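Okay, so here's the structure we're looking at.
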Amino acid sequence: MKTILVTGATSGFGEAIARRFAKEGWKLVILGRRKDRLDKLAKELKAHAVACDVRKRKEVFEAIASLPREFGAIDVLVNNAGLALGMEPAHKADLDDWEQMVDTNIKGLMFVTRAVLPGMVERGRGHIVNIGSTASNYPYPGGNAYGGSKAFVKQFSLNLRADLQGTGVRVTNLEPGLAETEFSLVRFKGDQDKAGAVYKGMQPLTGQDIAEAVHWCVNLPAHMNVNRMEIMPTAQSFGPFAVHRK
Ligand code: NDP
Ligand code: 8X3
C-alpha cells in the first residue's frame, strides 16, 4: 500500500486530495496548522496527522524524521500548503504579507521537499506534486509577490526534474486557475463579500477537480512524467494587454 503526504490538508485542495486518495486505500499523512481540523480529518480518514507550520524548518524536519514507521516511506508528496495575502498594488502592499507568502509558498515548500526527497531517492521511486498557479504564468494587478512565489515553484519543479533524472522520482507542477476554496477568504483576510465576489456568476474549479488531476498524474505508469499541467475553469480566459492612455 502506498503512502501520500499532503500539506495544507485542513481545507480546499489539500483536503479534497486527501479524501480522493483515502478512497483508494492509500496511507495518508496530512499536515497543516489548524490542529482541530487536522485531527478531525485524520480520525475520519484514518490518516496520520502532523500539526506543523511549513515555515518552521526545524519542526518540518523533526516531523518528517519522526513519522511512525508505517507512514515513513512516502511515495507521493503533494506540496499544497500555500496562500495569497492581499491584492494591493506593489507600492501599497503590506510587506508582512509578502514575507509570509515567500516564507510559506517558497521556503515552506523547499523545507518539506528537502526533508522528504532523500528517502524517495534512496527507495528509487517517488513523486512530488507541487501546487503552482496560473498566477505563475500570467501577471495580473495585485498578483505581485503571490505570482512571483508561484513562478519560483514552477522553475523549482523543472530544476528538480533535472536533478532527479535517473532516480525514478517524478515531479509535477500543477497550475490551477480560479478555484473556490478558502483561498480568497484568506487573501481578503476574512472579508466574505470580497471573497464571494471572486466567484460570482461563474463556475470556478473545485477542490475535487484538482484532486482528480493530481490522482491522474500520480497514477500514470512510472515511465510517464507530467512536467506541468495548467487547468482553468472554462469561464476563465485571457484579456488583452493593458494600455494606459492619456
Ligand atoms: P485554502 O486556503 O483552502 O487552503 C490552504 C491550505 O494551506 C490550508 O490547509 C492551510 O492550512 C495550509 N497552510 C497555509 N499556510 C500554512 C503553513 N504556514 N503551514 C502549513 N499549512 C499551511 O486554499 P487552496 O486549497 O485554494 O490552496 C491550496 C494551494 O493551491 C495553495 O498553494 C494556493 O496558492 C494554490 N492555488 C489555489 C488556487 C485557488 O484559486 N484556490 C488556484 C491556484 C493555486 P492551515 O491554515 O490549517 O495551516
Ligand atoms: C490562485 C489563482 O488567479 O487567484 O493561484 O491567482 S489566482
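Collect the residues in the stretch 214-243 that are of a type outside the set (D, E), closer than 24 Å to P139 by Cα and not in a loop (DSSP other than H, G, I, E, B), keeping them in residue-number order. Matches in the stretch 214-243: R228, M229, I231.
Of note, T3 does not satisfy the criterion of being touching a Leu at 6+ places or on another chain (Cβ under 7 Å) and either touching a residue at least 40 places away in the same chain (Cβ under 8 Å) or among the aromatic types (F, W, Y) (or both). Looking at K92, K40, can you tell me which residue is more than 10 Å from ligand 1 (Cβ to nearest atom), more than 26 Å from P139 (Cβ to Cβ) and over 19 Å from the mean Cα position of the chain (by Cα)? Among K92, K40, only K40 is more than 10 Å from ligand 1 (Cβ to nearest atom), more than 26 Å from P139 (Cβ to Cβ) and over 19 Å from the mean Cα position of the chain (by Cα).
Please go through the stretch 149-182 and give me each residue that is out of contact with any Ser or Thr (no Cβ under 6 Å at 6 or more places or on another chain), of a type outside the set (A, V, I, L, M, F, W, C) and under 15 Å from M110 (Cβ atoms), ordered by number.
Listed by number, the residues that qualify are S149, Q155, S157, N159, D163.
When the residues of the stretch 140-188 are filtered to those that are surrounded by 19 or more Cβ atoms within 10 Å (Cβ to Cβ) and among the polar types (S, T, N, Q), the one that is farthest from G207 (Cα to Cα) is N144. Among the conditions (1) open to solvent by 20 Å² or more (accessible area, probe 1.4 Å); (2) more than 10 Å from ligand 1 (Cβ to nearest atom); (3) assigned to a helix (DSSP H, G or I); (4) more than 23 Å from S237 (Cα to Cα), K107 misses just one, which is (2).
Would you be able to tell me the number of residues in the stretch 153-169 that are more than 12 Å from ligand 1 (Cβ to nearest atom) and either touching a residue at least 40 places away in the same chain (Cβ under 8 Å) or under 16 Å from the mean Cα position of the chain (by Cα) (or both)?
Total meeting the criteria: 10.
Please go through the stretch 162-189 and give me each residue that is among the hydrophobic types (A, V, I, L, M, F, W, C) and either within 12 Å of ligand 2 (Cβ to nearest atom) or part of a helix (DSSP H, G or I) (or both), ordered by number.
A162, L174, L178, A179, F183, L185, V186, F188
If I go through the stretch 108-161 residue by residue, how many of them are within 11 Å of ligand 2 (Cβ to nearest atom) and among the hydrophobic types (A, V, I, L, M, F, W, C)? Selection size over the stretch 108-161: 3. Note on the stretch 28-57: residues that are out of contact with any helix residue (DSSP H, G or I) (no Cβ under 6 Å at 6 or more places or on another chain), more than 27 Å from L178 (Cα to Cα) and crowded, with 19+ Cβ neighbours inside 10 Å amount to 2. Output the residues belonging to the stretch 58-100 that are exposed (fewer than 14 other Cβ atoms within 10 Å of the Cβ) and in a loop (DSSP other than H, G, I, E, B). Within the stretch 58-100, S66, P68, E88, P89, A90, H91, K92, D94 meet the criteria.
Yes/no matrix, rows are residues, columns are (1) touching a Gly at 6+ places or on another chain (Cβ under 9 Å); (2) among the small types (G, A, S); (3) farther than 16 Å from H127 by Cβ; (4) in contact (Cβ under 8 Å) with a residue 24 or more places away in the chain:
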position: F188; (1), (2), (3), (4): yes, no, yes, yes
position: A197; (1), (2), (3), (4): no, yes, yes, no
position: T206; (1), (2), (3), (4): no, no, yes, yes
position: R228; (1), (2), (3), (4): yes, no, no, yes
position: T234; (1), (2), (3), (4): no, no, yes, yes
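If the condition is being more than 20 Å from the chain's Cα centre (by Cα) and without any contact (Cβ under 8 Å) to a residue 40 or more places away in the chain, then the stretch 52-84 contributes K58, E62, S66, L67, P68, R69. The number of residues in the stretch 191-218 being open to solvent by less than 50 Å² (accessible area, probe 1.4 Å) and either within 12 Å of ligand 2 (Cβ to nearest atom) or among the small types (G, A, S) (or both) comes to 10.
The values are calculated or read from the model by the stated rules, or taken from the named source; none is laboratory data. This structure is a prediction, so every number in the text was calculated from the model and none was measured. Because the Cβ atoms are built from the backbone with ideal geometry, glycine has one as well, and the counts that use them run over all protein chains shown. We work out accessible area using only protein heavy atoms, side chains counted, and drop any ligands, DNA or RNA first. Shrake-Rupley method; radii C 1.70, N 1.55, O 1.52, S 1.80 Å.
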